[in-house]
Structures are given as C-alpha cells and as structure tokens.
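Scroll down for the structure; my scribbles are underneath it.
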Amino acid sequence: MTAEESALEAEQTAQRLLEETDTESRIRTYKNVSGIVITVLLCAWTVFQLWFSTVGMISAVNLRAFHCMFLLLFTFLLFPAHKKENRIRRLPPVYDIVLTVLAVGVFVYFVLNYTEIARTGGRVNTQQLVVATIALVIVFEAARRTSPNLAILAAIFLAYNFFGQFIPGQLGHNGFTLKRVLITQFWGTQGVLGVGIGVSATYIFLFVVFGAFLKHSGFSKFINDFSLTLVGQTPGGPAKVAVLASALMGMINGSAVANVATTGTITIPLMKQTGYKKEFAGAVEATASTGGQFCPPIMGAVGFVMAEFLNLSYTKVMVAAILPAFLYYLGILMSVHFEAKRLGLSGLAKENIPNALKVIKEQGHLVLPLVVLIALMVKGFTPLLAAVIAIFVTIGASWLRKDTRMTWDKIIAACEEGARSAIGVGISCVIIGVIIGTVTLTSLGLNMGYLILSVVPDNIYLTGFLVMIMSTILGMGVPGVAAYVIVQAVAVPVLIKVGILPIAAHMFCLIYACLSNITPPVAISCYVAAGIAQSNQLKTGLIAVRLGLIGFLMPFFFLGNPILLIGADASYSAGMTLLASLTASIGTVALVAGLEGWLIGKANWMQRILLIAIAPLFLYPSVLTDAIGFGVVATVIVWQVLGRQALGGGGVGESNA
C-alpha cells in the first residue's frame, strides 16, 4: 500500500469514527437552491453575531434569545433526527420544518414579552407557560440530536426538580411546582437563557469563527510545516510534530475529538512508519489534542467562560494557565523523546523536512492574527472586539502573499464552517442551562458541597480527590466547554468552601473535565485515535493516561499552594515563581523518565522507582523537597554514567539523551 493510499484509508477511518462519536459530523447536505439558502443563512448568522457582539446595540437577554433561535433553527435543518436518515436532501423533512417554525416562534415571542414579564416581577400567564413548555421540549430534542449524553444528563437534573423532594438527607429538597420550574428554566436568566448560552453567543461563537478563518487562510499547514522544521529531525520527530501541531490546533478549535480526527490522519500513520507502536501513536495524538483545551492563548474558548465566571480579565486566566499547559506538553514531548531513545528511533530524513527560512518567508505572515489578538487583549481590549479585529486581520494577512490569499469563496466557506461548528457546542450550552437552572433553584451545588464536606471536613486534598472523580465522570463524553460548565456549577463551590482560591478551584475542575477525554472507560479521543491507528482502544487509553499523567497529578499541587498558577496569588515574587517553574519542569522530566524507563540511558527498575518517587517533591515548592529531589536525580545520573563506563560506553545509555 502506497503512502497516499494509507493516508486516504486513515482519513476515511477517521471520518467514520468521528461520525460514530461526534454528532456534529453527521449533518445533512442539501442540493440545489436549498443548499444555497442554508449557506446564505449561515453567513447571515455570522454577520449578525459579529455585529451585535461588538458594536451593535442589543440587550444581553435578547442577544441570547436570537442566538438560541438560530442554534435551534440550524439544528433542525442540518442535524438528522436519527442515524439511518438519508442525509443528502432537497428539502428538510416536514417534522423538522414544524420544529423550525416552533423554535423561531417561541423565541420571537420571548423577545416581545420578556420586558413586560420582567417588569411584573416574573408573573406569567397560562399562554406563557405553554410557550415555556414548548421551548423546553424543542431544546431537549435539539440536544438529543447534537449531544445525546448531555441531553440525558440534563433530563435527570430536570427530573430532580420534581422528584428531589422524595430523596432523604442533604440531597433532598422541599419540591417545586411545574410553574416555578418553567419560570426558572425559560423566563428567568438562570435556565436555558442563562450564562451558558450567554458565553456561546459571544466568546465561543466568535472564536470558533476565528478558528475557521485561520484554517482557510492556511494556518494549519503553517503549523505542520513549522513544527517539522523545529523537531522533525530529532529522535521520534513525527511524534513531536504531532504534539506541537495538535496543541496549537486544539487550542484554537477547542474540540479534542475533532482535532484527533483531522491532525491524527496525518500524524498517526507517520508515527507508525517511524517505528512507534500503534497504541503509543494513537495515545500521543489523543493526549496532545486533549490538552489544547486549557492551552493559552486561546484555550479553546473555555478560558473566556472561566473569566466570565470569575469576573476577571481573560488575560489573568490566560497567564494562570501558562505553566500547567507547559508542564502538560513538556511531559508529552519528553515521553515521545524517551520512547524514541529507548526504541532507537531516528527522526525524519533531512530531505523530508521543509526549509525553516522558506516556511517563515512563505507562511510566517499567517501568525499575524494570533499576535494581534494577544496584543489587543494584553492592551485591555475586550476579547470580543479583539476576536473580531483578528478575523479581519486574518483576511488581510492572507493577502500578503498570493499563495495564501483568501478569495470570496474562502471567506464564505470560513463563515459557513465557523457557524456550523458553533451549533453543536452552542446547543450544549443551551441544554447546560437546564442543569445550571436546576442547581440554582434546588441549591444542589451547596447541598453537594455540604455532603462532601461532611465526609472529608477541612481536608483540601481529600476534597480535591472527590471533586476530581466527579469532574472526570461528569466530563466523559461531553464537549470541553460543556464539561467545564457542568463541573464548575457543582464542584467549584465545594473547593472554595475548604479555602481554595477561586481561580485555582476553576482551573482544577477545567483540567480534569478536559482530561476525561482520555480517561478510560469512555475516553472518546482515544477511541477515535485507536480507530485511526488500528490499535486496541483500552491499551491506547491506558497509555494516554500514562502520557498525560502529569496533568492528572499537577492540579493537586496548586490547591494548597497556587504558585504554579502565575499571578493567582500576589504574595509570590517573580523569582519564586520562576524557581517553582524550573523545579516543576525537572519534576515532570523525572516522572516521565521513570515511566518510560530512560533518562540519559536505559533505567533499571530501582532507578525508575526513585525517579517516579521524587517527581512530586519537585512539584511541591519547598527548599527541602527540592534539595532531596536534586540529590536523587543527581544520584540516578551518576549511577547511569558509571553503568555506561562499566560497559565500556556501550549497552546502557549507549545513545545520547
């Protein structure tokens, strides 16, 4: 089989697996006039959002209502009602036309009547309760098509409003009437039109569109080529390219599964050809794609959601995430490096590596939008305005060279793709409103907190362990943004109650919600990666956990001492933060060396145990623990050097690290 045939087979496999696991990839294709109409509507929606999210005048609640209307409209037009439906059509089914009309009707009705209801203190009549009921039904139907697991979870929470009164103990409540629930879930600002859809209507939509424009400008190709020039010739070069490219693309698109399915079709076969085992190749791609959701400067738009909840500037959230993201990817890069050294793998041949100066000269201008985006946010511009400006800068930057120039066709394609990509995560944010509305109405978050605290009173690490389990479970099979929003609603109050800084609590929940993508038994990212690599899913998932182990350990170390979150605590000086960053990096390398069995040479079982044991000492900022850690690392290095000399320069540690 030729390389082209292998790549085509991998791409077809990825698409099939993506359709199995990601409902956003299962959309209808319309022929003739209907297709043109859909494209025009998607572009019109994009223009509407860009205008009213920045300079246009509209109230926040009306923007949310119109955004929700568009989301539902396109869900019923584009997403099939069942898997076996013929997705190539001339017109949508009659029942979806009815649902579309209902979706438009209920939210137009909301916009026309909300102000009057708000003036009367939330008094609603029977007609308005019927409208609320219809709205909830169609929201659940939309969620069933785009995020079925989330729809089931939301249905459980909704049922809790009515049946929680029969639950004894702290998790029970006094019960609520149907009218009270409907007012909270639809006519209030804590339900489907709450903070979740508010974030989707602003930050998420704009940054998803920005990612689509970057893609169509050729930025993805630049990332791959530039990554090849950096690490392509080093041992295990293709795996390192996969890590860097997946981190950058995952940071922009915010979807670990979609990132695996796109970049993985190129990187996984390349890693296998280099000599990596298929399970390892799949695990590298899955782990690297997952971390993009908490990797600055964009953080897959989740960072903007966190900034909204914390009432902080996004810049502070972005800076706080720098070191956790760096350590996570340092761990993966060192894992693939040590694995390559252990297996005796080499990098790509020089003739297969693009010239660095040529890449920068021909494609380097494509990074200008990211530079402008970061500069504007650092200067104090709102992320929304910065994103819109960056979109236009993307178009302008592409025109600096003829080969990358965005024509009208590409601009329209970027608008259409961006709007389409925003539908799935947008509906997730809508249905999350049901969960948040329930948590608010029933005080479930507080009650859950009291329950956990009654089990592990005033112990931040035991509390963190329980929250980690909760975050991982709630995040399984749910998009990154949605997973974080769900988890923070229930878990963050618990962590804050035991004295953890709010930003540390939110970052703790975010990281574990994201890592649920590689946590067995669900591990959706690993499922797709294993399919592309033709490897065992469970083995791929377990290796992915090993590769990302620093991500599972690190959050516990900023619970009681947030020095690893830069800027979270003003009492830490720049020197202290720099030292903590250095020692944490050494601890990460030590942990990976112990897990992979290689430091400057092959490590025996005793050396591996020592390296793994002292890694947490480096992560905990203390002079004593750092001294012990340095002593052990030095001992292992001397041990390996002496072992090499005893073997006459061969055997153990034969290759340079």
Quiz prompt | From 150, 171, residue being open to solvent by 40 Å² or more (accessible area, probe 1.4 Å) and aliphatic (A, V, I, L, M) | solution = 171
Quiz item: What do you reckon, is residue 486 open to solvent by less than 10 Å² (accessible area, probe 1.4 Å), assigned to a loop (DSSP other than H, G, I, E, B) and either over 21 Å from residue 546 (Cβ atoms) or modelled with pLDDT of 80 or more (or both)?
Solution: no
Practice problem: Just give me the residues in the range 230-246 being open to solvent by less than 10 Å² (accessible area, probe 1.4 Å) and closer than 15 Å to residue 290 by Cβ, in sequence order. | Solution: 242, 243, 245, 246
Exercise. Check whether at least one residue in the range 122-131 is among the aliphatic types (A, V, I, L, M), more than 21 Å from residue 194 (Cβ to Cβ) and not in a helix (DSSP H, G or I), and report yes or no.
Key: no
Quiz item: Only one of (1) assigned to a helix (DSSP H, G or I); (2) modelled with pLDDT under 90; (3) over 17 Å from the mean Cα position of the chain (by Cα); (4) crowded, with 22+ Cβ neighbours inside 10 Å fails for residue 587. Which number is that?
Solution: (2)
Quiz item: Which condition number in (1) in a helix (DSSP H, G or I); (2) over 24 Å from residue 517 (Cα atoms) is the one that residue 458 fails?
Solution: (1)
Quiz prompt | Pairs with Cβ under 7 Å, 6+ apart, first in the range 526-545 and in contact (Cβ under 8 Å) with a residue 60 or more places away in the chain, second buried (at least 24 other Cβ atoms within 10 Å of the Cβ) and of a type in the set (Asp, Glu) | solution = 529/285
Quiz prompt | Number of positions in the range 457-489 that are without any contact (Cβ under 8 Å) to a residue 40 or more places away in the chain and within 15 Å of residue 255 (Cα to Cα) | solution = 1
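On the given criteria, is residue 440 among the hydroxyl-bearing types (Ser, Thr, Tyr), within 23 Å of the chain's Cα centre (by Cα) and surrounded by fewer than 24 Cβ atoms within 10 Å (Cβ to Cβ)?
On the way: among the hydroxyl-bearing types (Ser, Thr, Tyr): yes; within 23 Å of the chain's Cα centre (by Cα): no; surrounded by fewer than 24 Cβ atoms within 10 Å (Cβ to Cβ): yes.
No: the conditions fail for residue 440.
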Practice problem: Identify the residue in the range 489-511 that is part of a helix (DSSP H, G or I) and of a type in the set (Val, Ile, Thr) and, among all such residues, is farthest from residue 450 (Cα to Cα). | Solution: 511
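Would you check if there is a residue in the range 515-537 being open to solvent by 50 Å² or more (accessible area, probe 1.4 Å) and under 19 Å from residue 617 (Cα atoms)? Don't jump to the end; show me each part of the working.
So in the range 515-537, the residues open to solvent by 50 Å² or more (accessible area, probe 1.4 Å) come out as 521-522, 527, 534, 536-537.
Then drop every residue that is not under 19 Å from residue 617 (Cα atoms), which leaves none.
Among the residues of the range 515-537, not one is open to solvent by 50 Å² or more (accessible area, probe 1.4 Å) and under 19 Å from residue 617 (Cα atoms), which makes the answer no.
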Exercise. Would you mention how many residues in the range 28-66 are open to solvent by 50 Å² or more (accessible area, probe 1.4 Å), among the β-branched types (Val, Ile, Thr) and closer than 19 Å to residue 76 by Cβ?
Key: 5
Quiz prompt | Members of the range 117-136 found to be free of Cβ contacts under 8 Å to residues at least 24 places away in the same chain and closer than 18 Å to residue 66 by Cβ, listed by number | solution = 118
Exercise. For residue 396, indicate whether it is within 25 Å of residue 39 (Cα to Cα) and either modelled with pLDDT under 90 or not hydrophobic (A, V, I, L, M, F, W, C) (or both).
Key: yes
Practice problem: For the range 48-70, indicate whether the set of residues that are closer than 24 Å to residue 92 by Cα, at pLDDT 90 or above, assigned to a helix (DSSP H, G or I) and of a type in the set (A, V, I, L, M) is non-empty. | Solution: yes
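If a residue has to be of a type in the set (Phe, Trp, Tyr) and farther than 22 Å from residue 121 by Cβ to count, how many in the range 166-207 make the cut?
Start the filter on the range 166-207 by keeping residues that are of a type in the set (Phe, Trp, Tyr), which leaves 166, 176, 186-187, 203, 205, 207.
If we keep only those that are farther than 22 Å from residue 121 by Cβ as well, we get 166, 203, 205, 207.
Of the residues in the range 166-207, 4 are of a type in the set (Phe, Trp, Tyr) and farther than 22 Å from residue 121 by Cβ.
Can you name the residue in the range 114-139 that is open to solvent by 40 Å² or more (accessible area, probe 1.4 Å) and under 37 Å from the mean Cα position of the chain (by Cα) and is also farthest from residue 438 (Cα to Cα) among such residues?
Start the filter on the range 114-139 by keeping residues that are open to solvent by 40 Å² or more (accessible area, probe 1.4 Å), which leaves 114-116, 118-121, 123, 125-127, 130, 133-134, 137.
Among the residues that remain, those that are also under 37 Å from the mean Cα position of the chain (by Cα) are: 114-115, 118, 130, 133-134, 137.
On the way: 114: 21, 115: 23, 118: 20, 130: 19, 133: 16, 134: 18, 137: 16 Å.
The extreme case among them is 115.
The values are calculated or read from the model by the stated rules, or taken from the named source; none is laboratory data. In this text the structure is predicted, and so the values were computed from the model without any measurement. As a convention, Cβ positions derive from the backbone with ideal geometry for all residues, glycine included, and neighbour counts pool all protein chains shown. The area values use the complete protein model at the heavy-atom level, side chains included, leaving out ligands, DNA and RNA. Shrake-Rupley method; radii C 1.70, N 1.55, O 1.52, S 1.80 Å.
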